[in-house]
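First comes the structure, then the notes that go with it.
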Amino acid sequence: MADSYFPERQSLLDFLGDLKRTHMCGALRLSDAGKKAVLMGWVNRRRDLGNIIFIDLRDRTGVTQVVCNRELNPAAHQKSEQLRNEYVIAVVGTVKKRDADTINKNIPTGEVELVVEELRILNESKQLPFLPGDSVLPNEEMRLKYRYIDLRRDAMQYNIEMRHRVSKAIRDYLSAQGFFEIETPIMTRSTPEGARDYLVPSRVQPGSFYALPQSPQMFKQILMISGFDKYFQIVRCFRDEDFRADRQAEFTQIDLEMTYPQTDTVWGVVEGFLTAAFKAAGHEIKTPFPRTSYDEAIRRYGNDKPDMRLPAMVDVREALTPEELEDVATKFRVRKEFPVQLIRIPRSGDISGTERRTMGTYGAYQHVQGPTFVQLMTDPKRFAKDYPAISEKILAFAKVEADDLWLLAAARGEGAGADQSLQHFCEKCGFLRLDLAQKYATRHKAFEKTGDPATDFRFLWVSDFPMFEWDNHEKRWNPAHHPFTTLHEEDMAKLEANIDSVHDPKSPLGEIRALAYDVVLNGTELGSGSIRIHRQDIQKKIFQALGMSDEEARARFGFFLEALEYGTPPHGGIALGLDRIVMILAGADSLREVIPFPKTARAVDLMVDTPTPVSEAQLKELGIIIRAPRQ
Ligand code: ASP
């Protein structure tokens, strides 16, 4: 037939006409045998057996085998010879039970096929760079450039459906708890999360810029001032951070805020919506999640987002008498005022002498943390021989099993150039624990899924973070969370007494604890939040402690500070990364697998090809001159 739009071309294409789809491609079952059906979808595969042509017809719900039989329907058979991968077709036919020897047990529609009476070719497809059904994936760049094809793959359809189901479960849960989903602006001004902003130039006010929100932080607090009581939003946030493998320039948060909460009120809400989200993915998780303080997390795991799938470190000093401790400290020349940490990796004990001796020479322990004053005892057999009584005691105390790998880490007296704080010591030990856990993962298998949610998903609340952290670069104390986070009421006097010591590294500001918390899963931070400052006088003090003058504070957060003065109720909230949660639930290994249109680590969208230069005319209109990019 000649194409009516392109008469010079012999077109294969048919019109849809008034044809209506009766079933999805994953729907037909044996009980439908004998029925008429109209299916529409993509040609996943075509097998030409001469008199019979089989087509696997695919849509998002599955695949149905379609049969074109030359004897039964010569016209349809002839037409089907023209089909190629990813052509879009409609088929009208009758559902037929398959012969016993052709049943495909691997797919839900495998007991039936559709015998074609009429075939319409609705669209053709160019030769594709890769096929949705290919078992070997092309490289990621190719997948991202042709994202529309990549998204047709089963795995991506599954991930995006999972994302929908998880978001919906969260929305439903929070709505049922009385939270309103309220939108906040995308074109706004700099927010206090501390990363770089993406800026949008204003045309009508040349030289002025909007910032894309790093989070809706100030707006959600304002919504509490405005009386909405419970707010949430599944919201896009934008942070212009340096290239990090597992970060996205724009990402999605489950953001919430409520009035008059205690910390555990917020935690209860989060546990509730995570339970709903995990249930939507088929996992029953247990609440409440265990809780620990920041200090304890550092002491026991050397890390503020402990991976609870492996045992904590144990300070074995507690198992020893003062004399024994003295003895150990003298013999090993270590400091007894520091922990003597027993690091244990289950079921990994059988390692060579070389492996033992080189334990501390690889991974994050050696490389991330700079010079050290940590001393390692990595030869348990020798230790047991030389100090049988002590060895027995500490093994029992730390519950070490016969096939566990274990070592001791203690603090040496010297260590040129090393940060000799307890925090640094514990962090070093924590890195070693994680390095070993990675190295012997195939032995202890703690990172493998068992099917039991209690083992597979180890949640934890970490609270009482320090309010300020020392910035060695800028030589000053900065807010560890954001500057609207409140502190423990007991620590208020300490703030008052040290308000002018922002540049003193020894300032007790470092001891002040914030009412801030993180929710952690399997060693990854899922989200963080805090109880906020609701009083102007305290907010002022925090700015003062941060060395921010009144004018500076007004210039940055003026509208917000003013709002605080008009009857702000106590409030608090949290934000969790949706992308990461979906990634975990989909069993994916990158955020890009669960974001429909992600950016690369260099913040480039390869499909739409952005960022791009813009026209001179556009720049002129915005009053922008591009200088040569800074090197
Ligand atoms: N706005 C914070 C963040 O995005 C979370 C919060 O404090 O609620 O990290």
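Take the Cα of Glu496, go 7 Å toward its beta carbon, and the backbone nitrogen atoms of segment 503-520 under 20 Å from that spot belong to 507-515. Computed packing ranks the peptides 599-608, 578-587, 346-355 as 578-587, 599-608, 346-355, most packed first, by mean other Cβ atoms within 10 Å.
Projecting the Cα atoms of Ser530, Val91, Gln253 onto the charge dipole of the chain (Cβ charges, centred on the Cα centre) puts Val91 farthest toward the positive pole. In a simple Cβ point-charge model (Lys, Arg +1; Asp, Glu -1; nothing else charged), segment 396-538 has a dipole of about 360 debye relative to its Cα centre. Projected over all directions and averaged, the alpha-carbon convex hull of segment 111-216 occupies 14.8 nm².
Over the chain, dividing the summed -39,500 (n - 2.57) contributions of all DSSP H runs of at least 4 residues by the number of residues returns a 222 nm mean residue ellipticity of -8500 deg cm²/dmol. With 0.36 nm allotted per residue and the present C-alpha distance subtracted, the Lys336-Val204 stretch has 40.8 nm of extension available.
The C-alpha atoms of segment 297-427 occupy a region whose extents along the principal axes are 35, 32, 29 Å, arranged from largest to smallest.
Net charge dipole, segment 259-357: roughly 360 debye, given to the nearest 20, about the Cα centre with Cβ charges of +1 for Lys and Arg and -1 for Asp and Glu.
Dipole of the chain computed with +1 at Lys/Arg Cβ and -1 at Asp/Glu Cβ about the Cα centre; of Ala480, Ala497, Gly110, farthest Cα towards the positive end is Gly110. Round to the nearest 10 and give me the degree value, 0 to 90, for the angle of helix 322-332's Cα axis relative to the longest principal axis of the chain. Value to nearest ten degrees: 70. A Förster distance of 51 Å, applied to the separation of the beta-carbon atoms of Glu489 and Glu323, puts the FRET efficiency at 0.75.
Distance from the Cα centroid of segment 284-357 to that of segment 540-554 is 41 Å (rounded to whole angstrom). Here Glu565 and His503 are evaluated by their C-beta separation; at R0 = 25 Å the FRET efficiency comes out at 0.25. Between the residues Leu28, Val519, Tyr148, the greatest Cα displacement towards the positive end of the dipole of the chain, with unit charges on the Cβ of Lys, Arg, Asp and Glu, is found for Leu28. Note that segment 188-324, at 4 °C in a medium of 1.567 mPa s, gets a Stokes-Einstein diffusion coefficient of 68 µm²/s from its Kirkwood radius over C-alpha pairs. Fully extending the segment from Ala195 to Asp350, taken as 0.36 nm per residue of separation minus the present Cα-Cα distance, adds 51.3 nm. Rounded to the nearest 10 degrees, the angle from helix 550-564 to the longest Cα principal axis of the chain is 70 degrees.
Rounded to two decimals, the Cα-based Rg/Rh of segment 227-289, with Kirkwood Rh, is 1.06. Computed about the Cα centre, the dipole magnitude for the chain is approximately 1400 debye when only Lys and Arg (+1) and Asp and Glu (-1) carry charge, each at its Cβ.
The simple spin-label model puts a point 7 Å past each Cα toward its Cβ; for Glu241 and Arg70 those points are separated by 6.2 nm. In terms of its Cα atoms, the chain spans 96, 72, 52 Å along the principal axes, sorted from long to short. Sorting 472-484, 279-291 by their mean Cβ neighbour count within 10 Å, with the most densely packed peptide first, gives 472-484, 279-291.
Rg then Dmax, both in Å and based on the Cα atoms of segment 352-467: 16.4, 48. Full extension of the segment from Thr22 to Ala402, taken as 0.36 nm per residue of separation minus the current Cα-Cα distance, would add 130.5 nm. Modelled spin-label separation between Asn139 and Glu474, with each label point placed 7 Å from Cα along the Cα-to-Cβ direction: 4.0 nm. Of the beta bridges in the chain, as assigned by DSSP with both residues counted there, near 95 percent are antiparallel.
Computed from the coordinates by the stated procedures, all read-outs in this text should not be read as laboratory data. Small disclaimer: the values here were computed from a predicted structure and weren't measured. For neighbour counting, all protein chains shown are included, and Cβ atoms are generated from backbone atoms with ideal geometry for every residue, glycine included.
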